[in-house]
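Structure first, commentary second.
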Amino acid sequence: MTLPPELAAVAAATKGFLPPDEAEALHTAARAAGAGVWLEIGSYCGKSTVYLGGAARDVGAQLLTVDHHRGSEENQPGWEWHDASLVDAHTGRLDTLPSLRRTLWDAQLEGVVTPIVGDTKQVGRWWTTPLTFLFLDGNHTERIAQHDYAAFARHLVAGGTLAVHDVFPDPADGGQPPWHVVQRAVDSGAFEQTGVTGSLRVLRRIPGAAFS
Ligand code: MG
């Protein structure tokens, strides 16, 4: 089932790094996860949040989306993925929160999506809620990608869905940390891979298997 056209139009107008085929695969995987609490790590301006939020609305789930909204390393001035229009004149730093809020407003998803403004290390210290769906697409350094997996994937219920973005097994295609996270999840015996679309991997938490 694809995203409704009015939401697809909002997503298309939203800045972000998610090709259409991967976005649809994310939407489909989320819908299949069913009701419950879903968590997205890495909101940015909300493009993937629209695909997830539309699915959440349809199946009666609640989506939480975490970002410090100051941008990753590659979004800072002088880097490849910097967008000067997202700089807050007051701080001189990136601020993508206003863009996220406009996106959620345009998509009429404010009643389904709860943004959390904070670093994943802060949020991971208090997060205890069981999850039926988790999308990891935050900071892609090894240290933080591994942290985010360890802090949040442990809260997936048996049979819950883990989606990981920007997974590139070949270093020539992109950074390795998300791929290392997928390998860790599968090698631990706690997850099995159920889908691959471009750089998006979908995994399932195996019932009864310990998290590590
Ligand atoms: Mg990404």
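List every residue pair whose Cβ atoms sit under 9 Å apart, with the two residues 6 or more apart in sequence or on different chains, where the first one lies in the stretch 174-187 and is at pLDDT below 95 and the second, anywhere, is open to solvent by 40 Å² or more (accessible area, probe 1.4 Å) and in a loop (DSSP other than H, G, I, E, B).
Gly174/His140; Gly174/Phe168; Gly175/His140; Gly175/Thr141; Gly175/Phe168
Any residue at all in the stretch 108-124 that's more than 15 Å from the chain's Cα centre (by Cα) and within 16 Å of the ligand (Cβ to nearest atom)?
no
Which of the residues belonging to the stretch 170-187 are exposed (fewer than 15 other Cβ atoms within 10 Å of the Cβ) and in a loop (DSSP other than H, G, I, E, B)?
Correct list: Asp170, Pro171, Ala172, Asp173.
When only residues in the stretch 188-201 that are surrounded by 22 or more Cβ atoms within 10 Å (Cβ to Cβ) and hydrophobic (A, V, I, L, M, F, W, C) count, which is nearest to Ala150 (Cα to Cα)?
If we take residues in the stretch 188-201 being surrounded by 22 or more Cβ atoms within 10 Å (Cβ to Cβ) and hydrophobic (A, V, I, L, M, F, W, C), then Phe191 is nearest to Ala150 (Cα to Cα).
Suppose the filter is part of a strand (DSSP E or B) and either within 18 Å of Thr129 (Cα to Cα) or within 16 Å of the ligand (Cβ to nearest atom) (or both); does Glu40 pass it?
For Glu40, the condition - part of a strand (DSSP E or B) and either within 18 Å of Thr129 (Cα to Cα) or within 16 Å of the ligand (Cβ to nearest atom) (or both) - is met.
Among the residues of the stretch 8-25, are any in contact with an Asp or Glu (Cβ under 7 Å, 6 or more places away or on another chain), more than 16 Å from the ligand (Cβ to nearest atom) and over 28 Å from Gly159 (Cα atoms)?
Here is the first cut: in the stretch 8-25, the residues in contact with an Asp or Glu (Cβ under 7 Å, 6 or more places away or on another chain) are 10, 15.
Of the ones still in play, those that are also more than 16 Å from the ligand (Cβ to nearest atom) are 10.
In the following step, the residues that additionally are over 28 Å from Gly159 (Cα atoms) were identified as 10.
Yes, the stretch 8-25 contains a residue that is in contact with an Asp or Glu (Cβ under 7 Å, 6 or more places away or on another chain), more than 16 Å from the ligand (Cβ to nearest atom) and over 28 Å from Gly159 (Cα atoms).
Condition test on Asp166, is it among the charged types (D, E, K, R), open to solvent by 30 Å² or more (accessible area, probe 1.4 Å) and out of contact with any His (no Cβ under 9 Å at 6 or more places or on another chain)?
no
Go through the stretch 66-79 and give me each residue that's open to solvent by less than 40 Å² (accessible area, probe 1.4 Å) and either outside any strand (DSSP E or B) or aliphatic (A, V, I, L, M) (or both).
Looking only at the stretch 66-79, we keep the residues that are open to solvent by less than 40 Å² (accessible area, probe 1.4 Å), and these are 66-67, 69, 71-72, 75-76.
Within the stretch 66-79, Val66, His69, Gly71, Ser72, Asn75, Gln76 qualify.
Out of the stretch 118-148, which residues are open to solvent by 30 Å² or more (accessible area, probe 1.4 Å), more than 18 Å from Asn75 (Cα to Cα) and among the hydroxyl-bearing types (Ser, Thr, Tyr)?
Thr128, Thr129
Can you tell which of Leu63, Leu52 is open to solvent by less than 60 Å² (accessible area, probe 1.4 Å) and either within 15 Å of the ligand (Cβ to nearest atom) or over 14 Å from the mean Cα position of the chain (by Cα) (or both)?
None of the other options fit; the residue is Leu52.
The values are calculated or read from the model by the stated rules, or taken from the named source; none is laboratory data. Not measured: the values here are computed from a predicted model. Cβ sites come from the backbone with ideal geometry, for glycine too, and all protein chains shown count toward neighbours. Note: accessible area is taken over every heavy atom of the protein model, side chains too, but ligands, DNA and RNA are not part of it. Shrake-Rupley method; radii C 1.70, N 1.55, O 1.52, S 1.80 Å.
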